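Following: one structure in structure tokens, then a few remarks.
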Amino acid sequence: MTSLLILNGPNLNLLGQRQPHVYGATTLAEIEAICRAKAQAMGLGLDFAQSNSEGALVDAIHAAKGTHDGIILNAGAYTHTSIALMDAISSVELPAIELHLSNVHAREEFRHVSYIARVAVGVICGFGPAGYELAIDAMARHLEARK
């Protein structure tokens, strides 16, 4: 069975409370439930995790090798700062999609820089929680095309 890892970075545990005008009112638990239902309907395995720690995210990416077929990563602010996450994705040689709830290109200039995009097969941003479903669809299609 094809398996995906959806990995969420810092402050995403506060979704629904933190800046709802930017990130919406949907909680991370609600997004996880949506993702699990979508994956089940598509016949995909899914692990869903969140950490505020860069090292824990790197460890989760490393652990994905041999367990998962693709990674969907909402790295939050680490997108713009973490060479370690970029290197981890490169090291495990799994396709990754960079995901953001907000349109980072319509926000502050520093958010226009992404280390993750350099090693991702694609980037989805600005569609709120629906971006997670789009990412699952996109990854499933990408993996099917590679077969």
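Computed from the coordinates by the stated procedures, all read-outs in this text should not be read as laboratory data. Because the structure is predicted, anything quoted here is derived from the model rather than measured. No Cβ is skipped: glycine too gets one built from the backbone with ideal geometry, and neighbour counts run over all protein chains shown.
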message: Students often get this wrong, so try it: which of (1) 14.0, 41; (2) 15.1, 49; (3) 21.0, 66 is Rg and Dmax of the Cα atoms in Å as calculated from the structure shown?
response: (1)
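Multiply the residue separation of Arg36 and Ser91 by 0.36 nm, subtract the distance between their alpha-carbon atoms, and state the gained length in nm to one decimal.
Working: separation 55, 0.36 × 55 = 19.80 nm, distance 2.68 nm.
Between Arg36 and Ser91, full extension yields 17.1 nm more.
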message: Explain nothing, just the number: dipole magnitude of region 1-114 about its Cα centre with +1 on each Lys and Arg Cβ and -1 on each Asp and Glu Cβ, in debye rounded to the nearest 20.
response: 280
message: Quick check: the distance between the Cα centres of region 18-50 and region 129-147, to the nearest angstrom?
response: 14
- prompt: Which of the listed residues, His112, Tyr132, Gly122, is farthest toward the dipole's positive end in region 101-147, when Lys, Arg count +1 and Asp, Glu count -1 at the beta-carbon?
  reply: Gly122
field: Positive dipole terminus of the chain, leading residue within Gly43, Leu5, Gly66 (C-beta point charges)
entry: Gly43
message: Under 5 Å between amide hydrogens, which residues at least 5 positions from Ile72 or on another chain qualify, with H placed 1.01 Å from N in the peptide plane?
response: Leu5, Ile6, Leu7, Ile97
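Explain nothing, just the number: relative contact order of the chain, from Cα pairs under 8 Å at least 6 residues apart, as a whole percent.
Details: 257 pairs, mean separation 38.6, N = 147.
Relative CO of the chain lands at 26 percent.
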- request: For region 96-147, give the magnitude of the charge dipole about the Cα centre (Cβ charges: +1 Lys/Arg, -1 Asp/Glu; no others), in debye to the nearest 20.
  value: 180
statement: By the mean-Cβ-within-10 Å protection proxy, highest first, 42-51, 78-87, 5-14 rank as 5-14, 78-87, 42-51
